[in-house]
Amino acid sequence: MTGPAVYVGIDVAQATLDVALLPSGETWQVANDEPGIRALVTRLQPHAPTLIVLEATGGYERAPVAALATAGLPVVVANPRQVRNFARATGQLAKTDTLDAGILARFADRVRPAVRPLPEPATQELAALLARRRQLIEMLGAERQRLSLAAASVRRSLTQHIAWLERQLGRVDDDLDALIQASPLWRAKDDLLQSVPGIGPVASHTLLATLPELGTLSHKQIAALVGVAPLARDSGTLRGKRSVWGGRAVARTALYMAALVASRYNPVLRVFYQRLRAAGKPAKLALIACARKLLIILNAMVRANTYWAAPDLRSA
C-alpha cells in the first residue's frame, strides 16, 4: 500500500531554510548553503513528496530550487502574494519562519499549483542580464532627473556617472545579443518573434527569458499566466468591471510596451486598436486588449513554428 501524499513547504531566508511536512507536521531547519541544501535533498528524497512549494524571495531560493529540481523532486516557486492571501484566508495572522513553512505546505496541499519546467542555466543567465538592464535603465533615469535639477558643483559627477551607465547598458545589450546568438534554438525563436511588427529585441529577449511556456499552452492559459486575461468581479446581481492583475509582471510590461508600438505599426493590431477606441473603450484598456491579442498571436506562431505573414486586410 502506498502512504499518504506528502506536501512540503520551505520558507527561504538568506541564511536558513525552514521546512514543514504535511500530513506528519514534521519541521526542521537547515542552512541555505551547499551543505545545508544537500542535507535537505537527502532528507526529502525518502518521503517522495507529491509537491514542494517555496516562495520567490528575490534570488535566495534559486540554489535550493535548482538542487531539488535536479534531484527529480516536484518543486514550485509560488507567488508570495498568493501565499499571503491564502494565509489570511485560513486565519493565519501570526508570522514566524516555521509558521510560514507550514502555510506553504498547506498551500501545496490545498491549492496544488502546477509544476512547470524550470529555466535552464542559460535562460537564468538571460533573465539575470535582463534584470541588470532594467536596473541600469532605472539608474539612468534617476541620474538624468537629478542632472536636470543639479547645482553646478555636482553636475560633472552626474554627467560622468550617466556616461558610465550608458556604456554599461551598451555592454549588457551586447551580452544579451551574444547569448541569444549562441543558442540555435533561441536564435530561431528570436527571429520568429521579431518578425512580428511591434516586437523588438528587448521584448523578444524578455519573453525568451521570462516565458518559456510560450507555444506550449492554450491561448487562455498563456493569457492568465502573463496576467492579461480579464478577471470577473461579480457578486450576486452585481456585475463589476473586468480587470487584469497578477501574472508575470516583467513579461506583461514587455508586452504592453510592444502593444503600444504595434497599435500604430502592426496592421492587425492597428485595426483592432482603432475599432476598440471607436467603440468608446479607454486607451489603456484598448492597449491591454492589444497586448493580449499580441500574446495569443505569438503563442500560436511559436507553437506552429511559423513567421509573421501580414494578412490582406482589404477583404476584412
Given the criteria over 16 Å from residue 119 (Cβ atoms), at pLDDT below 85 and in contact with a Lys or Arg (Cβ under 8 Å, 6 or more places away or on another chain), does residue 90 qualify? yes
Scan 84, 43 and give me the residue that is over 23 Å from residue 114 (Cβ atoms), without any contact (Cβ under 8 Å) to a residue 60 or more places away in the chain and basic (Lys, Arg). 43
Determine which single condition residue 144 fails, assuming it passes every other condition in (1) out of contact with any Asp or Glu (no Cβ under 6 Å at 6 or more places or on another chain); (2) surrounded by 14 or more Cβ atoms within 10 Å (Cβ to Cβ); (3) among the charged types (D, E, K, R). (2)
What pairs come up if the first residue lies in segment 17-29 and is on the phi < 0 side of the Ramachandran plot and among the acidic types (Asp, Glu), the second is part of a strand (DSSP E or B) and buried (at least 21 other Cβ atoms within 10 Å of the Cβ), and their beta carbons are under 9 Å apart, counting only those six or more places apart or on different chains? 18/9; 18/10; 18/11; 18/12; 26/19; 26/20
Any residue at all in segment 245-266 that is surrounded by fewer than 17 Cβ atoms within 10 Å (Cβ to Cβ), modelled with pLDDT of 90 or more, under 30 Å from residue 177 (Cα atoms) and among the aromatic types (Phe, Trp, Tyr)? yes
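A quick yes/no check of all residues on (1) under 16 Å from residue 223 (Cβ atoms); (2) free of Cβ contacts under 8 Å to residues at least 60 places away in the same chain; (3) out of contact with any Leu (no Cβ under 9 Å at 6 or more places or on another chain):
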{"site": "248", "(1), (2), (3)": "yes, yes, no"}
{"site": "251", "(1), (2), (3)": "yes, yes, no"}
{"site": "254", "(1), (2), (3)": "yes, yes, no"}
{"site": "258", "(1), (2), (3)": "yes, no, no"}
{"site": "270", "(1), (2), (3)": "no, yes, yes"}
{"site": "275", "(1), (2), (3)": "no, yes, yes"}
{"site": "280", "(1), (2), (3)": "no, yes, yes"}
Only one of 183, 153 is without any contact (Cβ under 8 Å) to a residue 12 or more places away in the chain, more than 30 Å from residue 271 (Cα to Cα) and either out of contact with any strand residue (DSSP E or B) (no Cβ under 8 Å at 6 or more places or on another chain) or surrounded by fewer than 15 Cβ atoms within 10 Å (Cβ to Cβ) (or both). Can you tell me which? 153
For segment 273-308, give me each residue that is closer than 24 Å to residue 213 by Cβ, in contact with a helix residue (DSSP H, G or I) (Cβ under 9 Å, 6 or more places away or on another chain) and surrounded by fewer than 19 Cβ atoms within 10 Å (Cβ to Cβ). 296, 300, 305, 306, 307, 308
If a residue has to be of a type outside the set (Ser, Thr, Tyr) and out of contact with any strand residue (DSSP E or B) (no Cβ under 6 Å at 6 or more places or on another chain) to count, how many in segment 84-112 make the cut? 17
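The values are calculated or read from the model by the stated rules, or taken from the named source; none is laboratory data. Keep in mind that this is a model prediction, so the values were computed, not measured. For neighbour counting, all protein chains shown are included, and Cβ atoms are generated from backbone atoms with ideal geometry for every residue, glycine included.
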